[in-house]
């Protein structure tokens, strides 16, 4: 897979903008990291400037990781959890938005 051209950089501001448009999502800072929750349930957490943790069902996690393994991946530490890591500099903005929307749908109950 060759280098990707991104129309828009995926960063905390882009994540905040997208999630703010989804009903019930609230952001806050926990232990220095921005988290987004709906109904008190985790949607996503910014680990650092380049890494986002997103709640994800196993099927979605596998699909995103297979489509773009440079951007979406799982480490042994989160393998047992319904989460997916996103390497933001390598991620496609549209794919991240789809993943965040799926996480919101999963968590809003």
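The values are calculated or read from the model by the stated rules, or taken from the named source; none is laboratory data. Values in this document were obtained by computation on a predicted structure and should not be read as measured data. FYI the Cβ positions are ideal-geometry reconstructions off the backbone, even for glycines, and counts take in every protein chain you see.
For residues that are in contact (Cβ under 8 Å) with a residue 12 or more places away in the chain and either crowded, with 20+ Cβ neighbours inside 10 Å or under 20 Å from residue 90 (Cα atoms) (or both), scanning just region 12-33, find the one that is farthest from the chain's Cα centre (by Cα). Here the answer is 25.
Residues that are in contact with a strand residue (DSSP E or B) (Cβ under 9 Å, 6 or more places away or on another chain) and either in a loop (DSSP other than H, G, I, E, B) or at pLDDT below 95 (or both) within region 18-27 comprise 22, 23, 24, listed in sequence order. Do we have residue 8 as modelled with pLDDT under 95, in contact with a helix residue (DSSP H, G or I) (Cβ under 6 Å, 6 or more places away or on another chain), surrounded by fewer than 20 Cβ atoms within 10 Å (Cβ to Cβ) and part of a loop (DSSP other than H, G, I, E, B) here? In short, yes. Any residue that is under 14 Å from the mean Cα position of the chain (by Cα), surrounded by 12 or more Cβ atoms within 10 Å (Cβ to Cβ) and in contact (Cβ under 8 Å) with a residue 60 or more places away in the chain - is there at least one of those in region 42-64? For region 42-64, residues under 14 Å from the mean Cα position of the chain (by Cα), surrounded by 12 or more Cβ atoms within 10 Å (Cβ to Cβ) and in contact (Cβ under 8 Å) with a residue 60 or more places away in the chain: present.
Among the residues making up region 65-80, those that are free of Cβ contacts under 8 Å to residues at least 40 places away in the same chain and in contact with a strand residue (DSSP E or B) (Cβ under 9 Å, 6 or more places away or on another chain) are 65, 66, 71, 72, 73, 74, 75, 78.
Looking at region 33-109, the strands (runs of 3 or more DSSP E) lying wholly inside it that each contain 2 or more residues that are within 17 Å of residue 22 (Cα to Cα) and touching a helix residue (DSSP H, G or I) at 6+ places or on another chain (Cβ under 9 Å) sit at 33-38, 41-48, 51-55.
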